[in-house]
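Colleague: Dropping a structure here in structure tokens format, bear with me for questions.
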Amino acid sequence: MVRITEEQARAIKERHSPVLLKMRGVYGVGLQQDEAGNHKLVVMADATAERTKLPTEIEGLPVSLEETGPFKP
């Protein structure tokens, strides 16, 4: 498994966020690191999100779903 750097992870997020944010029920896209320091893309979405259309990885970067609601200022 090739380790993705933070810079690479940010670039992947920037390239794919616009498409992900257009999906129904998706409110945000972020980056996180696991305990081993590996990066992952986190899609924040509510229960209406089409989970089957969300990828499990993008360009080698794992994608996880965090259930949430709309963000309020």
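The values are calculated or read from the model by the stated rules, or taken from the named source; none is laboratory data. Only a predicted model underlies this, so the values are computations on that prediction, with no experimental measurement involved. With ideal geometry, Cβ positions are generated from the backbone for all residues, glycine too; neighbour counts draw on all protein chains shown.
Colleague: Please go through region 27-57 and pick out each residue that is in contact (Cβ under 8 Å) with a residue 24 or more places away in the chain and either under 11 Å from Thr68 (Cα atoms) or in contact with an Asp or Glu (Cβ under 7 Å, 6 or more places away or on another chain) (or both).
Modeller: Across region 27-57, the qualifying residues are Tyr27, Gly28, His39, Lys40, Val42, Met44, Asp46, Thr48, Ala49.
Colleague: Looking at (1) in a helix (DSSP H, G or I); (2) hydrophobic (A, V, I, L, M, F, W, C); (3) loosely packed, with under 12 Cβ neighbours inside 10 Å, can you tell me which one Val2 breaks?
Modeller: It is condition (1) that Val2 fails.
Colleague: Follow-up question, since we're still on this one. Residue pairs, Cβ under 7 Å, 6 or more apart or interchain, first in region 13-25 and closer than 15 Å to Gly69 by Cα, second buried (at least 16 other Cβ atoms within 10 Å of the Cβ) and of a type in the set (A, V, I, L, M). List them.
Modeller: Qualifying pairs under 7 Å: Leu21/Val29; Met23/Ala49; Arg24/Ala49; Gly25/Ala45; Gly25/Ala49.
Colleague: Here is a follow-up. I'd like the full set of residues that are closer than 19 Å to Lys13 by Cβ, small (Gly, Ala, Ser) and either surrounded by 11 or more Cβ atoms within 10 Å (Cβ to Cβ) or at pLDDT 95 or above (or both), limited to region 23-73.
Modeller: Result: Gly25, Gly28, Gly30, Ala45, Ala49, Gly60, Ser64.
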